[in-house]
Structures are given as C-alpha cells and as structure tokens.
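Novice: Take this structure, written in structure tokens, and hold onto it; I'll ask about it next.
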Amino acid sequence: MHTLTRTFAALALLGALSLATPSHAEPIRTTGRFGLGLGSGTIANGLSAKYFMNQSNALQFNLGEFGGGGVDRRWKHFAGFGFGVDYLYEMPTLVRAGNAFELAWNIGAGVGVGIDDQDDGHGHGADHFALAAAFVLGLEFNFIPVPIDLVLEFRPGLLIVPRVDFDAVDFTAQLRFYF
C-alpha cells in the first residue's frame, strides 16, 4: 500500500508540473510569476517562495527551521521555527541566451524572525525570540523553458534581538520552480 501511495503522489506531482509548464518559454522575471522551492534566508532555512510584483520588484519568502548567523553557523543551528521576507529590486539582465537561459542579479533587504526552543541542558526548555535584518545581493541563474531559478546570495546580516551581532559574511541559496 505504501508503494501505491508513493506512486500516486509522484504521478500527481508530474501531472501538476506538466500543467504548470508554459507551452512557450515565458521569462521567469515576469509580473505575477510565482516560484516555490527550497532555500535559506534571514534566519529561516526550508521552504522558499518568490513573487514578482512587476519586472523590477519581487518579494522573497523563507519559512522553516530557525538557523543562521553567518556562513560558519547557518547549518549548525536547527532548534526552532523561522520566517523571513526580502524585498528585492531586480536589476537588468547580465547575459541572455535567447529563450533558454538568463543570468541576472538583484539587490535588496530583508528581515527575519525566529523562535528557538532549545533545551538549556538541565531539562528545562526555554523559548527565545530572534529578530534580524539583512542586505541581499543575489546572482540569478534562470532556466526559462524548465522554468527553474537557482539563486546564490551574499547576505550580510545584523542580529538585533536577543543581542546585537553583525555577520559580515553569509551566503544563502534558493532553488525554485515557477508556475
């Protein structure tokens, strides 16, 4: 029965993706396009979404595990829930290969909140609230016919709560399929 469930889920996913794929190569950076996938942002690692308000402005969201605080700690701290949102200004395309590929970039800023439910080591759980802000500089690899984007981001951040801490070097990435 478990194999049947997995097979049905895979067929449903393939069907949904085939319906979502445009019949012609539509640029990813188009008003109203919405992408969904995996990625990391300010505080949050997990689900990634991006919505193009127009060709020059987009909102990016990350929802998932609370983790972050610089490239040396991003993947070593998973103990709660995090949410981040970025406002991105989509800069002009750097390279375009017809309707197949586009190399572009964006710049923006974001905020993130997290709730950490780590045990204090003595069997007592303690909730900690975190608030951070970040600068975002992203390099977008847009595969137009598929339509998938891979974004590598330089993301220096400022932890504001529970203490002030600046991380000058942090990198994140996003991988999304567009509908």
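Novice: Would a scan of the range 13-21 turn up a residue that is within 15 Å of GLU153 (Cα to Cα) and either at pLDDT 95 or above or outside any strand (DSSP E or B) (or both)?
Specialist: The initial filter retains those residues of the range 13-21 that are within 15 Å of GLU153 (Cα to Cα), namely none.
No, every residue in the range 13-21 fails to be within 15 Å of GLU153 (Cα to Cα) and either at pLDDT 95 or above or outside any strand (DSSP E or B) (or both).
Novice: Considering each residue of the range 31-84, count those that are modelled with pLDDT of 90 or more, in a loop (DSSP other than H, G, I, E, B) and either surrounded by fewer than 24 Cβ atoms within 10 Å (Cβ to Cβ) or among the basic types (Lys, Arg) (or both), and give that number.
Specialist: The number of residues fulfilling the criteria is 7.
Novice: Quick one: in the range 128-150, which of the residues that are outside any strand (DSSP E or B) and of a type in the set (A, V, I, L, M, F, W, C) is nearest to THR93 (Cα to Cα)?
Specialist: ILE144
Novice: Restricting the search to the range 146-179, which residues are of a type in the set (Phe, Trp, Tyr) and within 15 Å of GLY67 (Cβ to Cβ)?
Specialist: PHE171
The values are calculated or read from the model by the stated rules, or taken from the named source; none is laboratory data. Note that this is a predicted model, so its numbers are computed, not measured. No Cβ is skipped: glycine too gets one built from the backbone with ideal geometry, and neighbour counts run over all protein chains shown.
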